[in-house]
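Some notes on the structure that comes next.
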Amino acid sequence: MNNDYVLVLKDLIKDFDDKRAVDNFSLRQKKGEILGLLGPNGAGKTTTIRMILNIIAPDSGYIEILGRRFSEKMKNRFGYLPEERGLYRKLKVSEVLSFFGELKGMRKHEIKKRGFKLLQKFALDNYLDKKVEELSKGMAQKLQFIITILHSPELLILDEPFAGLDPLNIELVKNIILEKKREGVTIIFSTHLMEYAEKIVDTVVMINKGRKVLDGSLSDIKSTYGTKFIKIKYEGDAGFVSLLDYVRSIEDYGREMEIELEDMAAKDRLLKALVGKLSLSSFQVTEPSLNNIFIRKANEGEQL
Ligand code: ATP
């Protein structure tokens with residue numbers, strides 16, 4: 001038992017038939033921090049989350065949650081947003097709140113008060129008497145998020161919390177995750193959306209083909225990757241950049257590009273090579289983005 005950590009996973013292994021979905025996976029998560037569980041499709045994120053929550057059993061390994069082995073009694077202390085969203089379509093929004101609130105041991109007046117506040121926050125307060133089937137997909141998703149946090153859990157486990165949301169609602173969910181952190185809640189979430197993960201995580205665990213390929217604080221991870229990166233904003237045909245012999249790799253987004261140099265000493269040569277060929281509105285020495293690190297790590301995995 002270790003009280004500094006809300007979650008301890010040791011050497012988890014899970015096979016589905018002849019496929020190893022999770023391969024010797026370990027992690028420790030400190031109280032009050034946000035951990036981003038990142039990885040490409042099929043990496044093993046959902047399988048790991050389901051093992052944490054005792055929905056499926058690992059073939060081997062050890063799991064400690066909230067300082068002890070999982071038990072039904074602790075269910076009210078965490079909130080889980082599953083990857084497959086599913087609410088009873090015929091129920092009204094108010095009935096959904098009551099159902100899940102009562103399941104988590106909340107009193108009726110508490111459900112009403114907190115539920116309404118949260119509906120307001122998510123701009124769903126006018127839908128209290130509507131049925132789930134009358135909500136749009138994004139609205140239903142917001143409702144699912146609301147019932148995950150309704151009972152004020154101390155640990156939130158969110159499987160792809162941003163999936164299917166528009167940018168405004170992604171921002172809203174992101175801000176609520178940060179607000180929960182300020183309240184002392186510990187949060188684990190999985191995502192592919194690196195730009196959002198980057199803004200909110202304290203620590204990152206990257207998983208590829210069931211194995212952990214990266215683990216640490218965001219700042220440590222970024223500094224390991226050095227500052228050999230230049231970010232440019234440009235107009236024009238930038239196809240030549242990847243061919244320059246002092247350029248190690250590029251991530252091209254059309255009008256923005258992250259360029260990894262072999263050596264930072266080459267930055268002036270790079271600038272000279274770009275000027276005249278491209279119309280540049282920005283040239284900036286930068287840390288690699290999490291997206292760039294993700295792509296590189298996933299590609300390294302491909303080469304294994
Ligand atoms: P995504 O980002 O696409 O949701 P993920 O990282 O959550 O992916 P998992 O859903 O954990 O990945 O899947 C990991 C691997 O385990 C995949 O190869 C998947 O096909 C396999 N898998 C997951 N669940 C099952 C199952 N119930 N039966 C058989 N194979 C499964």
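The values are calculated or read from the model by the stated rules, or taken from the named source; none is laboratory data. From a predicted model like this one, the values you see are computed outputs, not experimental measurements. Neighbour counts are summed over all protein chains in view; Cβ atoms, including those assigned to glycine, are modelled from backbone coordinates with ideal geometry.
Tell me which residues, restricted to the range 6-18, are more than 19 Å from the chain's Cα centre (by Cα) and in a strand (DSSP E or B). Let's see the steps before the verdict.
Residues of the range 6-18 more than 19 Å from the chain's Cα centre (by Cα): 10-18.
Listed by number, the residues that qualify are Lys10, Asp11, Leu12, Ile13, Lys14, Asp15, Phe16.
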(message) Restricting to the range 162-196, name every residue that is touching a residue at least 12 places away in the same chain (Cβ under 8 Å), more than 16 Å from the ligand (Cβ to nearest atom) and part of a helix (DSSP H, G or I).
(response) Asn169, Ile170, Leu172, Val173, Lys174, Ile176, Ile177, Leu178, Lys180, Lys181, Glu195
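If we keep just the residues of the range 19-59 that are near the ligand (Cβ under 10 Å from one of its atoms) and assigned to a loop (DSSP other than H, G, I, E, B), which is surrounded by the most Cβ atoms within 10 Å (Cβ to Cβ)? Can you show your working first?
Of the range 19-59, the ones near the ligand (Cβ under 10 Å from one of its atoms) are 19-22, 37-51, 56.
Retained after the next criterion (residues that are assigned to a loop (DSSP other than H, G, I, E, B)): 39-44, 56.
Working: Gly39: 26, Pro40: 18, Asn41: 6, Gly42: 13, Ala43: 24, Gly44: 24, Ile56: 15.
My answer is Gly39.
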(request) Report whether or not Phe16 is buried (at least 22 other Cβ atoms within 10 Å of the Cβ) and within 14 Å of the ligand (Cβ to nearest atom). (result) no
(request) Scan the range 64-76 for residues that are within 17 Å of Met106 (Cβ to Cβ) and surrounded by 15 or more Cβ atoms within 10 Å (Cβ to Cβ) and report the count. (result) 3
(message) Show the residue pairs meeting these rules: Cβ distance below 9 Å; 6+ apart or different chains; first residue within the range 28-49 and on the phi > 0 side of the Ramachandran plot; second residue polar (S, T, N, Q) and more than 15 Å from the ligand (Cβ to nearest atom).
(response) Gly32/Thr186
(message) Among the residues in the range 235-247, are any exposed (fewer than 12 other Cβ atoms within 10 Å of the Cβ), without any contact (Cβ under 8 Å) to a residue 12 or more places away in the chain and within 25 Å of Pro40 (Cβ to Cβ)?
(response) no
(request) Test Arg269 against the criterion of being in the same structural domain as Asp237 (by TED's automatic domain parsing) and assigned to a helix (DSSP H, G or I), and give yes or no. (result) yes
(request) Taking Tyr62 as meeting all but one of (1) away from the ligand (no atom under 16 Å from the Cβ); (2) under 20 Å from Ile149 (Cβ atoms), write down the number of the exception. (result) (2)
(message) Kindly evaluate Val213 against the criterion of being crowded, with 18+ Cβ neighbours inside 10 Å and modelled with pLDDT under 95.
(response) yes
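State which residue is nearest to the ligand (Cβ to nearest atom) when the search covers only the range 197-223 and only residues that are part of a helix (DSSP H, G or I) and among the hydroxyl-bearing types (Ser, Thr, Tyr). Outline the logic, then answer.
Of the range 197-223, the ones part of a helix (DSSP H, G or I) are 197-200, 218-223.
Remaining after also requiring among the hydroxyl-bearing types (Ser, Thr, Tyr): 219, 223.
Values: Ser219: 25, Ser223: 27 Å.
The selected residue is Ser219.
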